[in-house]
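The values are calculated or read from the model by the stated rules, or taken from the named source; none is laboratory data. From a predicted model like this one, the values you see are computed outputs, not experimental measurements. Here the Cβ positions follow ideal geometry from the backbone for every residue, glycine too, while neighbour counts run over all protein chains shown. Heads up: the accessible areas ignore ligands, DNA and RNA and are worked out on the full protein's heavy atoms, side chains in. Shrake-Rupley method; radii C 1.70, N 1.55, O 1.52, S 1.80 Å.
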Amino acid sequence: QVHLVESGGGLVQAGGSLRLSCAASGRTLSRDAMGWFRQAPGKEREFVAAIAGSGGSTNYADSVKGRFAISRDNAKNTVFLQMNSLKPEDTAVYYCAASNRLVLSTLRAWYDYWGQGTQVTVSS
């Protein structure tokens, strides 16, 4: 059973930065695609960023492109989301997800395991 734990969320002013971490246990995920999603109050959970199992390819939602960066440290079984130039509209609960597949996807259904989420609040 794969267990994902996110950390690094918090309250930050607009224009600030946060770095989210997602630590995995239960299985080595070095060959698995990983993703970050977010859900704001009253909205659907949406794709933010993903990285392929090889770490060679990444994909971002248009709304975060150029501001967010996803990376992974396979030695630590951890995935990161560096978030810069944060905006109030980035406020949401951020979820880490892991897939049993090597190739990344923007689809929620592609991912088999989910963390419990970490709150990110950006004040204006």
Whether any residue in region 71-87 is over 20 Å from S7 (Cβ atoms) and of a type in the set (S, T, N, Q) is what I want to check.
yes
From the list A52, A14, exactly one residue is small (G, A, S), under 18 Å from K76 (Cα atoms) and touching a residue at least 40 places away in the same chain (Cβ under 8 Å). Which is it?
A52
For region 1-60, give me the residue count where each residue is surrounded by 13 or more Cβ atoms within 10 Å (Cβ to Cβ), more than 18 Å from S71 (Cα to Cα) and at pLDDT below 95.
2
Residue that is surrounded by the most Cβ atoms within 10 Å (Cβ to Cβ), among those in region 91-124 that are touching a residue at least 40 places away in the same chain (Cβ under 8 Å) and part of a helix (DSSP H, G or I)
W110
Among the residues of region 61-80, which ones are touching a residue at least 12 places away in the same chain (Cβ under 8 Å), open to solvent by less than 60 Å² (accessible area, probe 1.4 Å) and outside any loop (DSSP other than H, G, I, E, B)?
F68, A69, I70, S71, R72, T78, V79, F80
Given the criteria in a strand (DSSP E or B), of a type in the set (S, T, Y) and within 16 Å of the chain's Cα centre (by Cα), does S30 qualify?
no
